[in-house]
1. With each label point set 7 Å from Cα along the Cα-Cβ vector, what nm distance links residue 403 and residue 474?
2. About the Cα centre of the chain, how large is the charge dipole given +1 on each Lys and Arg Cβ and -1 on each Asp and Glu Cβ? Please answer in debye to the nearest 20.
3. Express in nm, to one decimal, how much length is gained between residue 370 and residue 651 on full extension, taking 0.36 nm for each residue of separation and deducting their alpha carbon distance.
4. Where in the stretch 484-523 are there trypsin sites (Lys or Arg not before Pro) that are in a DSSP coil and have at most 12 other Cβ atoms within 10 angstrom of their Cβ?
5. Just tell me which lysines come within less than 30 Å, Cα to Cα, of residue 411; anything on the same chain fewer than 8 places away is out.
6. Just tell me which aspartates and glutamates come within less than 15 Å, Cα to Cα, of residue 417; anything on the same chain fewer than 8 places away is out.
7. Please identify the trypsin sites (Lys or Arg not before Pro) of the stretch 545-651 that satisfy two criteria: DSSP loop assignment and at most 13 other Cβ atoms within 10 Å. Which are they?
8. Compute the FRET efficiency between residue 225 and residue 613 as 1/(1 + (r/R0)^6), taking r as their Cβ-Cβ distance and R0 = 25 Å, and round to the nearest 0.05.
Amino acid sequence: MQQGTLMRKVKSKGWKKQRYFKLQEDCMTIWYQSKRTGKTESAFSISDVETVREGHQSEVLQSLAEEFPPERCFTIVFYGRRGNLDLIASSAEEAQCWVQGLRQLIEPRSFPLTSALVSCTWIRDWFQKADKNKDGRMNFKEVQRLLKMMNVDMNEDHALRLFQAADKSESGTLEGEEFVLFYKALTQREEVLSLFQDFSEDGKKLTLLELVDFLREEQLEVEGTEELAMELIDKYEPSETARARHVLSADGFLMYLCSPEGSIFNPQHLVLWQDMSQPLCHYFISSSHNTYLIEDQLRGHSSIEGYIRALKRGCRCLEVDCWDGPNGEPMVYHGHTFTSKIPFREVVSTLGKYAFKTSDYPVILSLENHCSMEQQEVLAQQLKAILGEQLLTATTDGRVPTQLPSPEELKHKILLKGKKIGRLEDTLDGPGDEVPDVSDDDNGAEAEEERRRAKVGGTQQRPALQKDRESLAQALSDCVVYCKNVSFRGFQEARSHSRPSEISSLAEAKARKLIRDAGNEFVRHNAWQLTRIYPSGMRTDSSNYNPQEMWNVGCQIVALNFQTAGTEMDLCDGLFSQNGRCGYVLKPPFMRDEETLFNPSDPSSREGPGPVTLTIQVISGQQLPKVANSKDGAVIDPLVRVEIHGVPADQAHQETKYIENNGFNPRWDETLQFQLHVPELALVRFVVEDYDKTSRNDFVGQFTLAFVNIKSGYRHIHLLSKDGISIPPSSLFVHIRITE
């Protein structure tokens, strides 16, 4: 008998297995089983699904385009690093049924705990997990099992009291509303109730004026506080009667604190809030290394999925390694390794489709060109034909730039970064042959020496120019405008002979040496020209270096392996989670001045106000996830570590004590304090770990944000997984104060 919808699950052109797919009655789980054996192979939760793509939108389905029409094909894309699921339905109608159904199920998901829907879904999930015999009721033994599943090691007598109080029918089991009562008693937030009662005269409600007092005194909201209070009541108070009276109940107060307005992340900074009209070099730019790889650097799989994931994450600088391929078609892969290959044409098509779905601001395509002259012509032809007007092939005003254009001027444009024959001014109007003066005295000996060096440089350039013409196709060279690759020969050499439209790429070790030896010069250089940093070739496991030290000197394009989870990608996601996730973050003023005195190794060189003190009271945690692959019945012993990542003087971390056997509602009530000398560059990372006295602590969750995006007051921190995925309703409750 048919157990669900029969579809083909595809992994490669020759691997097409028929499987039955079925949505479970909970509308939260999909399982699939073999047609031949009837054995259930796997299941996944709707909450794991990020999106559904229709048609031939994966390499595998593209390879089957002649065999199966796009109307029957779709791809289920999961959060994090889990592989996609490519499916072929038996008809277009069946495919549409699944595509539309899945989209309906995944789209209502919103911010944790801000609606009754999310709460009810969460309660229903727990009920179904614990209802072992599936009779729609839960006895006390099943409740005890549930508590272990929820990371709670509760005293049996206390659990029995909660159970009996919720068992209104006195049947010895909980069903329907009784379980909801039990769940609410279990999740009672004493610390929030106590705070609520501090500002409520009768302990039952907050009047409009009492809520205004709380917002001003504790949340440090200063502008439009009464209007904000009214908005919060209208938005989060569940009782219509209370809303009509302009009061906030304890339930509404908790919903506000768990909402975006109650988050540690300033909601005004989630949207585009920075000036986007500065030169490109004045921004940190979200950047990926070897974007086509989704695994390691030696044998990893190359995939257009790497580009899609990076672009959807807000990445604005992508890398592509091109080599000669069969039948005159250039291929993308990591040269001299066993990584798989993808056609350059597919990469460019993917770029054209996804480049501006997350952000309107420019994408830089960093081209590593290893192709013959013939296939370089093909590269240029494919770039122009597929990208069309998206590809920038001329300066914004047709003249030689004296500085880089802004992200605003380059909206919806793709810039090619690569080698170029000659200089930009050779093909444009304007003062192309003039050598910029670097001397304060035009008539002095230094200026004369500069002119002499320029003439010598021009003579030396001619053989190099001839070599470029012999190894680089003119058509491909013409596609490079603002990002011409040049070798780095020192800051003085760059200031004397380089142009704003040129860019140097440095390996991480070379960059670190420059930071140590000439930190201030590095900052000045990055105030007028772009610099790209890339990982050491020894990182064959696709590990990452610390991006913070590169940002500390203003390096804009700090390329990371996006496929590798860890602290480094947490910092990257934390920095670029602001400003509408557009992939551009404006550098502080003292890093945009070509004459700046700032050196990250000497915080006193920073112009502006003095150090600030960040005080964090870590109050409690809520429904922390269990450690992956932990034993049944195991309950975590959570601790919280707060890390400061910034200039060397600000690097610090402190942690709370651990709480034994309570991942459900641990209470710390500990205060941690940090002094920040350069707060504009600081990132704050909150990490929850499961304490282990015999081995390394296990990761539970984290959240990272730039210090400038922190809101003071009582705030929730909604935790993310190792892959940067939200894990509702897991959170921390903290109190933040910032003083000068």
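The values are calculated or read from the model by the stated rules, or taken from the named source; none is laboratory data. It should be emphasised that the depicted structure is a prediction, and the values quoted were computed from it without experimental measurement. Note that we place each Cβ from the backbone using ideal geometry, even for glycine, and neighbour counts take in every protein chain shown. Just so you know, the surface numbers come from the protein's heavy atoms only, side chains and all, with ligands and any DNA or RNA stripped out. Shrake-Rupley method; radii C 1.70, N 1.55, O 1.52, S 1.80 Å.
1. 3.5
2. Using only the charged Cβ atoms, the result is roughly 2900 debye.
3. Here the answer is 97.1 nm.
4. Passing both the DSSP loop test and the Cβ count: 489.
5. Cross-link targets: 312, 353, 357, 384, 419, 420, 484, 587.
6. Answer for residue 417, where 15 Å is the Cα cut-off: 319, 321, 368, 478, 502, listed by chain and number.
7. 631
8. Once the sixth-power term is evaluated, E becomes 0.50.
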